[in-house]
Amino acid sequence: MKSVLKSSLFCLLVSFIFTACQKDIVNSSALTPPVANAGNSQAAQLPSNSVTLTGTGTTTNGSIVGYLWSLISGPNLPVIATPSAPTTTVSNLVNGSYLLQFMVIDEAGLTGVDTVSISVSGSSIQTLVLQPSNNAYDVHVSFINGGNGTDPNAPEFSGGAWTSGGTPLLTRGAFKFDFSVIPASATILSAKLTLYSNPTPLNGNLVDANSGTANALYLERITNSWNPATISWSNQPATDLASQISLPHTDLHFLDLVDIDVTNLVATMSATNNYGFMIRLQNEIAYNIRIFASSRYSDASKHPKLVITYQ
C-alpha cells in the first residue's frame, strides 16, 4: 500500500514539473523582442571628423537595461566614445562610408538591433592657383614727357620715379586676376601674391630691376572698374589707402616678392567687386624703381601669381 502511494505521489510530482516547464516554455516563446532605433543617417565633412549618434529602444518586457554600439564596416576603425550608452560620439572618421549597429537589451534578456550609416566626404577647402599669360588686365601705367606713356602690352610693370630726357617719368602697375570661379558664398582663408623681378628690365637703369635709396612700395586694392585698353596716368582708377600693404625698401638689384599676404584685400574683392591691384612707390621721387615681369614676359614662370585658398 505504501509502495503504491509513493508511486502515485512521484507521478503527481513529475506531472507538475512537466506542466510547469511547458508553461515556462510557452511564456518564453510568447515574449516580443525589443525594438531598436539607431537614428537617422549621419554626414560629416572633413576636417570635421566626428558625429554624435543617439539611439532608442522600446520593449513590452519591462524596460531596456542595456545598449551596445559596434562597427559593422568602414574605411578605418573609428573611436566610439561610450559604446554602452544610448548617445555616443564617434570620432577619428576618415573619408568614406561607415555602417554601425545599435543593440538594445531588455529585462527578459532579449535583444533588438538596428543600423545607421555615416557618410564622410572630403575637405571643402579648395586652392586656386592663378598665373595667367597675356592677361588683358595687366598694364604698365606711366607718365612720361608731360603726357601719357601707358603700355597695356608691356612685358613688365613697375613702381618707379625716373627721368627721360630730363623730364619726369613716373610708373605704376595695375593688374587684376580672374577668380570668378570662387562661389559667392565661399570664405577666403588665405591669398598669397608673388611678383617676380624682371631679369631684363626696360626701364630704370636698364640693368637692375631695383634701383634707388627709397624704393619702398605700396600694394593697394583698386576700388572702381577700369578698362585696360583706355587706362592712362590721368584716368587711373582709385585705390583703398586704408588697406594698403607696405613693401619695404631693398638694396638688392633683383628681389622677387614671394607670397605677399593679400588675404584681406582678396576677401574684400571676392565679397564686392574684383577690381584688382595697384603697385606704386611710396614716395615717387627720382631715382627709385622696382620692376616686375608682367604676364607678357617671355618666361611664364615669372608671370604674376596669386594663390587663393577658400572654403
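Look at the range 66-95: where a residue is without any contact (Cβ under 8 Å) to a residue 60 or more places away in the chain and at positive phi and a partner is part of a loop (DSSP other than H, G, I, E, B) and open to solvent by less than 60 Å² (accessible area, probe 1.4 Å), sitting 6+ places away or on another chain with Cβ atoms under 6 Å, you get N92/P78. Taking the criterion of being under 24 Å from the mean Cα position of the chain (by Cα) and open to solvent by less than 50 Å² (accessible area, probe 1.4 Å), the residues of the range 81-99 that qualify are V90, S91, L93, G96, Y98. Each residue in the range 253-274 was checked for being open to solvent by 40 Å² or more (accessible area, probe 1.4 Å) and over 18 Å from T194 (Cα atoms), and 4 pass.
When I245 is tested against (1) within 29 Å of the chain's Cα centre (by Cα); (2) open to solvent by 40 Å² or more (accessible area, probe 1.4 Å); (3) free of Cβ contacts under 8 Å to residues at least 40 places away in the same chain, only condition (2) is not met. Screening the candidates F175, F143 for the property of being on the phi < 0 side of the Ramachandran plot, touching a Phe, Trp or Tyr at 6+ places or on another chain (Cβ under 6 Å) and modelled with pLDDT of 95 or more yields one hit, F175.
Of all the criteria given as (1) crowded, with 19+ Cβ neighbours inside 10 Å; (2) under 31 Å from the mean Cα position of the chain (by Cα), the one not satisfied by I291 is (2).
The residues of the range 203-225 that are surrounded by 20 or more Cβ atoms within 10 Å (Cβ to Cβ) and assigned to a loop (DSSP other than H, G, I, E, B), listed by number, are N203, G204, A209, G212, N215. Inside the range 120-130, residues that are surrounded by 12 or more Cβ atoms within 10 Å (Cβ to Cβ), among the β-branched types (V, I, T) and assigned to a strand (DSSP E or B) make up a count of 1. Within the range 154-202, take every residue that is among the polar types (S, T, N, Q) and part of a loop (DSSP other than H, G, I, E, B) and give me the one that is least open to solvent (accessible area, probe 1.4 Å). Checked the range 154-202; the qualifying residue least open to solvent (accessible area, probe 1.4 Å) is N198. Report whether or not S117 is of a type in the set (S, T, Y), in a strand (DSSP E or B) and in contact with a strand residue (DSSP E or B) (Cβ under 7 Å, 6 or more places away or on another chain). Yes, satisfied.
Are there any strands (runs of 3 or more DSSP E) wholly within the range 19-88 with 1 or more residues that are at pLDDT 95 or above and among the aliphatic types (A, V, I, L, M), and if so which? Because the criterion is at least 1 residues that are at pLDDT 95 or above and among the aliphatic types (A, V, I, L, M), the strands (runs of 3 or more DSSP E) in the range 19-88 that meet it are 35-37, 51-54, 64-73.
Among the residues of the range 302-311, write down those that are within 26 Å of the chain's Cα centre (by Cα) and either among the hydroxyl-bearing types (S, T, Y) or under 21 Å from N203 (Cβ atoms) (or both). Selection gives H303, P304, T309, Y310.
Determine if the range 104-111 includes at least one residue that is closer than 27 Å to Y310 by Cα, β-branched (V, I, T) and either open to solvent by 20 Å² or more (accessible area, probe 1.4 Å) or assigned to a strand (DSSP E or B) (or both). So far as the range 104-111 goes, no, none of its residues is closer than 27 Å to Y310 by Cα, β-branched (V, I, T) and either open to solvent by 20 Å² or more (accessible area, probe 1.4 Å) or assigned to a strand (DSSP E or B) (or both). Scanning the range 247-261 for residues that are closer than 24 Å to N205 by Cα and assigned to a strand (DSSP E or B) yields L247, L257, V258.
The values are calculated or read from the model by the stated rules, or taken from the named source; none is laboratory data. Owing to the predicted nature of the structure, the values given are computational and were not obtained by experimental measurement. Every residue, glycine as well, gets a Cβ built from its backbone with ideal geometry; the counts of neighbours run over all protein chains shown. All accessible areas refer to the heavy atoms of the entire protein, side chains included, with ligands and DNA or RNA removed. Shrake-Rupley method; radii C 1.70, N 1.55, O 1.52, S 1.80 Å.
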